[in-house]
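For reference, the structure discussed in these notes is given below.
The values are calculated or read from the model by the stated rules, or taken from the named source; none is laboratory data. Worth saying up front: this structure is predicted, and the values here are computed from it rather than measured. Backbone-built Cβ (ideal geometry, glycine too); neighbour counts: all protein chains shown.
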């Protein structure tokens, strides 16, 4: 056999043999197929059947204390919070309440319009607020 043909045979045979060896030895280390995983899991535990439930929560009877802006708080805040939860928060300045209201709008989708933010912040500061300090606030140092 010609030396060039021998080299070509070796060049082709080495990757094929190496691939076959890794395929046989590596099957133990490769992840299972999806079908094999499903079969193994079915043998371990019975299937779980989920169904939807209809839960009716009792309506809340609590409203915020009267004051300018109470209608905004009663129509928007009690969707997610009880009035007691809001009123038990640490006292915040008007600026800190604005930061909290904007967080509720941007992160949680509260339906408070931009023109309601100032009125709601002033109302919440009136019912549960503190006067601004000269030092940094304990909340987030964004008081205005």
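A compact table of results
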read-out	value
Residue within segment 77-84 that is part of a helix (DSSP H, G or I) and touching a helix residue (DSSP H, G or I) at 6+ places or on another chain (Cβ under 7 Å) present	yes
Check on residue 39, surrounded by 11 or more Cβ atoms within 10 Å (Cβ to Cβ) and not assigned by TED's automatic domain parsing to the domain that holds residue 108	yes
Among residues of segment 70-99, those that are free of Cβ contacts under 8 Å to residues at least 12 places away in the same chain and crowded, with 18+ Cβ neighbours inside 10 Å, counted	0
Residue selected from segment 101-136 under the condition crowded, with 17+ Cβ neighbours inside 10 Å and farther than 14 Å from residue 72 by Cβ, by the criterion modelled with the lowest pLDDT	129
